[in-house]
Amino acid sequence: MTGPSIDAARLLGRIRTLGEIGRDSDGRLVRLAASDTEKLGRDQFVAWIRDAGLEVAVDRIGNIFGIWKAGGVADEAPILIGSHIDTVIGAGIYDGCYGTLSGLEVIETLKAEGLTPSRPIAVAAFTNEEGVRYAPDMMGSLVYVGGLDIDSALATIGTDGTILGRELERIGYAGEHRPGFLKPHAYIELHIEQGPVLEREGIPVGVVEDLQGISWQRVTITGDANHAGTTPISMRRDAGHAAARVVTFLRERAKASNTPTVATVGCMSFEPNAINVIPSRAIFTVDLRDPDEDRLREEEAALANFLESLSTEEQVGISAERLARFEPVKFDQSIVRLVEKAARERGLACRRMTSGAGHDAQMIARIAPSAMIFVPSAGGISHNPKEFTADEDLVAGANVLLDVVRRLATEGTPK
């Protein structure tokens, strides 16, 4: 069952318009959560919601909702579509924004069709999905499902020393609704893949059936600062060298594995950070991911064991702090099958796949049947100005989303 298609020119135009909001003096796209530039993006999104004739609602963590209450179904649990509009530093224009704007486009198209849905349909832009300014990432959706206390989240101190709650108030997006006030009947999120698989295989639609678990830690290694020229190698307590051994351990272990486990050290700093001084302290992050919970736990245990032995071998102090931990997610199979059916009825090849990145969908899956749709990313590039997805793929993904939402709105969630 396929009906009319989305307004491609409107969707693509909005993606490009939003992509120009939040440029810095160097031309980089920077819309960090609750910042002045993100406020501009939020204001534009809300304006489009109002232009579409939808009700605007904002909850206490700043999540924005555009709600279509058609007919006499206002009290029914809604079908929720969404993603986010905050970005990393030096972002591309598609990550998050594509899914959010496609959700709005789907509702406008269904309204124009004269559809009478069996329940409300809503689009969401969740706060602080990227987690660049405030930790953890996916904070808005995490608070929304009750996984993080709202008051604790609002008290979060950012990398620039600001407090999230105060910043939301300052930019006018500290809403009155209780997070979770709108419990969805089902949730569907459209996103660029942020990986190379679909492009490499020439497949326009990815049917996301599960999502990797994520483990974030901050490791601190403490040694002794000393002169780089006069201290023999055998007498050093070198925090920098110990840190390098952790990086190598993680990389070699992942390479030797026949599993999809990945490990990344993304941030690292030394103290005193001088060219001629042995580092007395190294602080770095570790990002572990795997779609299987047991394997993810094995990797965490392997790292802990290595740090323990490394501390003895290098005569350094080592501590690890957990920053975030999310279990792998299995998406709702009935919606996954709907996505497959919608793609095939549009004449689009598709394949099932795992998401290697975290998304708001993994949080919403805790409280409602959920799934995701991917479209190709050129070169697998994301979080980068070179991020690109062809217009035809953007439109194709939005049309699959349209058909899935139409079915959910008229036939309900299949069993």
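The values are calculated or read from the model by the stated rules, or taken from the named source; none is laboratory data. Small disclaimer: the values here were computed from a predicted structure and weren't measured. Ideal geometry is used to build each Cβ from the backbone, glycine not excepted, and the neighbour counts take in all protein chains shown. When the accessible area is computed, the model is the full protein with side chains, heavy atoms only, and any ligands, DNA or RNA have been set aside. Shrake-Rupley method; radii C 1.70, N 1.55, O 1.52, S 1.80 Å.
How high is the relative contact order of region 141-193, given as a whole-number percent (alpha carbon pairs under 8 Å, six or more residues apart)?
31 percent
Helix 333-345 against the longest principal axis of the chain: what's the angle in degrees, Cα atoms only, rounded to the nearest 10?
Taking Cα atoms only, the helix is inclined about 60 degrees.
Can you give the FRET efficiency for Asp160 and Ala320, using 1/(1 + (r/R0)^6), R0 = 30 Å, r = Cβ-Cβ distance, to the nearest 0.05?
With R0 = 30 Å, the Cβ-Cβ based efficiency is 0.75.
On a 0 to 90 degree scale, rounded to 10, what angle separates helix 239-256 from the longest Cα axis of the chain?
50 degrees
So what is log10(I(q)/I(0)) for the chain at q = 0.13, 0.14 1/Å, when the Debye sum runs over its Cα atoms only?
-1.10, -1.24
Please report the net charge: other residues with Cβ closer than 11 Å to the Cβ of Ala368, K and R +1, D and E -1.
With Lys, Arg at +1 and Asp, Glu at -1, the net is +1.
Distance in nm between label sites at Val262 and Thr248, each 7 Å beyond Cα in the beta-carbon direction?
Each label point is offset 7 Å from its Cα along the Cβ direction, giving 2.4 nm.
What's the carbon and sulfur percent of region 68-178's accessible surface, probe 1.4 angstrom, rounded to a whole number?
That share works out to 47 percent.
Say we join alpha carbon atoms closer than 10 Å with springs in a Gaussian network model of the chain; which of Met139, Met235, Met363 then has the biggest fluctuation?
Met235
Please work out the FRET efficiency for the pair Ala8 and Arg366, using the Cβ-Cβ distance as r and a Förster radius of 35 Å; give the result to the nearest 0.05.
The formula returns an efficiency of 0.55 here.
Rounded to the nearest 500, what is the 222 nm mean residue ellipticity of the chain from helices alone, with -39500 (n - 2.57) per DSSP H run of 4+ residues and division by all residues?
My calculation for the chain gives -11000 deg cm²/dmol from helical runs alone.
Which of these, Glu387, Glu321, Glu55, has the largest mean-square fluctuation under a Gaussian network model of the chain (Cα springs below 10 Å)?
Greatest mean-square fluctuation among the candidates belongs to Glu321.
Given the convex hull over the Cα atoms of region 1-104, what projected area results after averaging over all orientations, in nm²?
Average of the hull's projected areas for region 1-104 equals 7.9 nm².
For the pair Thr312 and Ile381, what calculated FRET efficiency results from E = 1/(1 + (r/R0)^6), where r is the Cβ-Cβ distance and R0 = 51 Å, to the nearest 0.05?
With a Förster radius of 51 Å, E is 0.80.
Can you tell me the orientation of helix 97-113 relative to the chain, as the angle in degrees between its alpha-carbon axis and the longest Cα principal axis, to the nearest 10?
Rounded to the nearest ten degrees, it is 10.
Calculate the spin-label point distance for Ala390 paired with Asp151, positioning each point 7 Å from the Cα along the beta-carbon direction, and give it in nanometres.
So the two model labels end up 5.4 nm from each other.
State, as an integer percentage, the relative contact order of region 323-375 based on alpha-carbon contacts under 8 Å between residues 6 or more apart.
48 percent
Lysines within cross-link reach of Lys330: Cα-Cα under 21 Å, excluding same-chain residues under 8 positions apart?
Correct list for Lys330: Lys183, Lys341, Lys415.
I'd like the projected area of region 213-326, averaged over all directions, using the convex hull of its alpha carbons. Report it in nm² with one decimal.
The orientation-averaged projected area of the Cα hull of region 213-326 comes to 6.9 nm².
Would you list Ile79, Ile367 from the most to the least accessible area, probe 1.4 Å?
Heavy-atom accessible area, descending, gives Ile367, Ile79.
Find the Rg to Rh ratio for region 39-180, where Rh is the Kirkwood radius over alpha-carbon pairs and Rg uses the same atoms.
In region 39-180, Rg relative to Rh is 0.98.
Normalised by the residues of the chain, what does the relative contact order come to in percent, with Cα pairs under 8 Å and at least six apart?
Once divided by the residue count of the chain, the mean separation gives 23 percent.
Which residue, Ala135, Ala186, Ala398, has the most motion in a Gaussian network model of the chain that connects Cα atoms within less than 10 Å?
Ala135
Taking the DSSP beta bridges in the chain as the whole, what percent of them are antiparallel, to the nearest 5?
Given both bridge residues lie in the chain, the antiparallel proportion sits at roughly 70 percent.
Dividing the convex hull volume of the alpha carbon atoms of region 256-380 by its residue count, what do you get in Å³ per residue?
Convex hull volume per residue, Cα atoms: 172 Å³.
Report the local net charge at Ala186: Lys and Arg +1, Asp and Glu -1, summed over other residues whose C-beta lies under 10 Å from its C-beta.
Residues near Ala186 contribute 0 overall.
So what is the accessible area of region 213-326 per residue, in Å², with the probe set to 1.4 Å?
I get 54 Å² per residue for region 213-326.
Given the C-alpha atoms of region 101-183, compute the convex hull and give its volume per residue in Å³.
Cα-based convex hull of region 101-183, divided per residue, equals 111 Å³.
How many nm is it between the label spots at Ala228 and Glu176, if each spot is 7 Å from the Cα in line with the beta carbon?
Going by the 7 Å Cα→Cβ label model, 6.0 nm.
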